[in-house]
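The values are calculated or read from the model by the stated rules, or taken from the named source; none is laboratory data. Computed from a predicted model, the values in this text were never measured in an experiment. Glycine also receives a Cβ, built like all others from the backbone with ideal geometry; neighbour counts cover every protein chain displayed. Heavy atoms of the whole protein, side chains included, go into the accessibility calculation; ligands, DNA and RNA do not. Shrake-Rupley method; radii C 1.70, N 1.55, O 1.52, S 1.80 Å.
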Amino acid sequence: MKAATTRLSLLALAMALSACAALEGDKIDYKSAAKGSTLEVPPDLTQLSRDSRYAVPGGPVSAAALQAGQAAQPSGTANAAALQLGDVRIERDGNQRWLVVNRPADKLWEPVRDFWQENGFNLTQAESNVGIMETDWAENRAKLPQDFIRSTLGKMLDSLYSTGERDKFRTRLERNANGGTEIYISHRGMIEVYGTTTKDNTVWQPRASDPELETEFLRRLMVKLGVSQEQSRAIAAAPSPRAQTARMATVNNQPVVQLDEGFDRAWRRVGLALDRTGFTVEDRNRNEGTYFVRYVAPNADKKEPGFFGKLFSSSSAATPPLKYRIVVRSQGESTTVSVLNAAGAPETSANAERIVRVITDDLK
């Protein structure tokens, strides 16, 4: 019995050490963290209340269903680089990239939806009226070490391995002036850390978004849409111009973000920042330069359970979401981003300052 216990202890130690090893290369092999329950982000600026109406549609949608009234916008800017193959091109602005596809939205919705499912993700949101899809939290199993123990025991002990990281991706489709579609992919990440100095429990906390992961999935989506692997790699690896930085300021006692760039670039960058930082964009109106978002205010006194605590908790208590408008206003090459309340009045609360700070940090 003692010998068996010793062997099991050594096996557990070997697996723990192997799980900490870094996997060489940049392989991607995602597997959703759960089928039913999902990993929830702590209710701060990176977590917004989930709406039960979000469901994966069963069939194609019409182009008219995407963003009603979406204003025409140019497919590129003077400061954005673009490379094209066939009817697909990738544009870039600093560390932000997006695809422009010369096809109507109704021809892209189903292929994009299938793309995420083929890459190992469950979709938790697919809102055709605002052109947004969002995946469930998933683990990149390619980061796990392919050591002797795992390759020998295989699937029998596969569940014991964990990278301690989870990722989710949001895809946004917007029509352009030429009847085509712009596709944006944004990443959000979580990491499991010890919650106490005694290391007797773990909690999940947000980690920085990864522009390289966003680029990799844009590249893979290009392949899905007809571009070859070699061509997509060459395009995605091309250098990009540096984006302008952002800064916080106060105008008329209201916190704002200031950008030294025109409306087109600012609108794109703010939209990606909202996606990356986890705001729920319920609607948008480019004519008015407005994003309609939901936000859950943080509760400093509330302790967040770990991953499994969230999976199996039956508590239904949740902080109700607050609705805001993120407004992008430009004059020439100068843009101001501000926060309005649900009624459209300027917001000067602590929440407004936190929202502005999060947007600013992502745009820097």
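Going by what's in this entry, would residue 159 be described as modelled with pLDDT under 95, of a type in the set (Gly, Ala, Ser), closer than 24 Å to residue 130 by Cα and open to solvent by 30 Å² or more (accessible area, probe 1.4 Å)?
Considered against the rule, which asks whether it is modelled with pLDDT under 95, of a type in the set (Gly, Ala, Ser), closer than 24 Å to residue 130 by Cα and open to solvent by 30 Å² or more (accessible area, probe 1.4 Å), residue 159 comes out as no.
Kindly establish whether residue 177 is under 20 Å from residue 271 (Cα atoms), in contact with a Pro (Cβ under 8 Å, 6 or more places away or on another chain) and of a type in the set (A, V, I, L, M, F, W, C).
yes
Pick out, from region 171-290, the strands (runs of 3 or more DSSP E) lying fully within it that include 3 or more residues that are in the same structural domain as residue 324 (by the TED database), of a type in the set (A, V, I, L, M, F, W, C) and over 30 Å from residue 106 (Cβ atoms).
Passing ranges, in order: 246-251, 254-259.
If you scan region 114-128, which residues turn out to be in a helix (DSSP H, G or I) and open to solvent by 20 Å² or more (accessible area, probe 1.4 Å)?
114, 117, 118 - these are the residues of region 114-128 that are in a helix (DSSP H, G or I) and open to solvent by 20 Å² or more (accessible area, probe 1.4 Å).
Which of the residues spanning region 327-345 are open to solvent by 90 Å² or more (accessible area, probe 1.4 Å) and part of a strand (DSSP E or B)?
Within region 327-345, 329, 331 meet the criteria.
Is it fair to say residue 103 is modelled with pLDDT of 90 or more and of a type in the set (Lys, Arg)?
yes
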